[in-house]
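Okay, structure first, notes after.
The values are calculated or read from the model by the stated rules, or taken from the named source; none is laboratory data. Computed from a predicted model, the values in this text were never measured in an experiment. Quick reminder, even Gly has a Cβ in these numbers, built from the backbone with ideal geometry, and neighbours come from all protein chains shown. Quick note on the areas: whole protein, heavy atoms, side chains included, nothing else; ligands and nucleic acids left out. Shrake-Rupley method; radii C 1.70, N 1.55, O 1.52, S 1.80 Å.
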Amino acid sequence: MKRVVWTVVFAGLILGLAGCGREEAPEIKTLTFEKEGEIRHQVVGKLDQDYYQIEMSDLEEFTAGRVEEYCAQKGEKKVALESAEEKNGSILLNFCYASPEDYSEFNHRALYVGTLAGAADAGYEMEAVPLVSTEGKAQEVGYIEDWDTKNLIILETKSGEEMLVNLPGKTLYINQGAHNGQELTFVGKKSVKISNQDEEGTTAFSYIIYE
């Protein structure tokens, strides 16, 4: 029974909880894509929930066990829990994934990292996705210069979720919010903020093109 409870708590942290907004603690989750292919994921949540109090030691023990189970099945160092700490009432869990596939499988959500041409081969219909450039100009995939070689991230998020995505290169285009209930915002030259405004209980895809 205890394991079931912690599974629910963990799923809430990974899939939907935003930060508590206290000073000096991150407010939203971050997903950082390294040039070497690794992915770093900082999860932010609250110790004090509406109906229960999370014990940090219990959460760390459960999370470490889940990582160990995954690596036993998929291979050593496929996922690592690099740190787990409490800061000003917030929970901060820092993960490192060896590949996009490991992030996707561990978190039970879709993630594609590759070229636009590869996305088409994988079955993603990019022609139907309205894009906007960093200058605010609408764009279609077919009119992007050398479009097939451009890098692309497709990330699934749940309704109510916010995430800051840090890229290994310069952001070129993001999908327009009207496409699927997502709101995407350029943050500097190499980051994008995702705010999922879609209907409660649903998921949506974000599309980020970079070089």
Give me the percent of the accessible area of segment 99-139 that comes from carbon and sulfur atoms, probe 1.4 Å, all protein chains in place.
50 percent
Once a ≥ b ≥ c are taken as the square roots of the eigenvalues of the Cα gyration tensor of segment 139-211, is the result rounded (a/c under 1.5), prolate (a/b larger than b/c) or oblate (a/b not larger than b/c)?
prolate
Farthest toward positive dipole pole in segment 109-211 [+1 Lys/Arg, -1 Asp/Glu at C-beta], among 138, 169, 120:
169
For residue 40, solvent-accessible area (1.4 Å; no DNA, RNA or ligand), Å²
80 Å²
Enter the accessible area of residue 105 (Å², nearest 10), with the probe set to 1.4 Å and all protein chains included.
80 Å²
Given the protein chains as shown and a 1.4 Å probe, how many square angstrom of residue 71 are accessible, to the nearest 10?
30 Å²
Per residue, how much accessible surface does segment 125-188 expose to a 1.4 Å probe? Answer in Å², no decimals.
50 Å²
Can you give the charge dipole size of segment 116-178 about its Cα centre, rounded to the nearest 20 debye, using +1 on the beta carbon of Lys and Arg and -1 on the beta carbon of Asp and Glu?
220 debye
Quick one: which of 77/137; 78/193; 137/158; 46/150; 78/150 span more than 31 angstrom between C-alpha atoms?
77/137; 46/150
Mind checking the dipole of segment 131-211: about its Cα centre, +1 per Lys or Arg Cβ, -1 per Asp or Glu Cβ, Debye to the nearest 20?
360 debye
Taking all protein chains together and a probe of 1.4 Å, list 58, 102 from the most accessible to the least accessible.
58, 102
Okay, which of segment 105-138 sit inside 14 Å, backbone N to the point 7 Å along the Cα-Cβ direction of residue 170?
134-135
Accessible area in square angstrom per residue, segment 78-122, 1.4 angstrom probe
39 Å²
Sort 70, 97 by heavy-atom solvent-accessible area, probe 1.4 angstrom, most to least.
70, 97
In nm, to one decimal, how far is the residue 143 label point from the residue 125 one, both placed 7 Å along Cα→Cβ?
2.1 nm
Prolate/oblate/rounded call for segment 81-211, Cα gyration tensor, a/c under 1.5 rounded
prolate
Full-extension gain in nm, residue 108 to residue 61, via 0.36 nm per residue minus C-alpha separation
14.9 nm
What spacing in nm lies between the two simple spin-label points modelled at residue 159 and residue 135, each 7 Å away from Cα in the Cβ direction?
3.8 nm
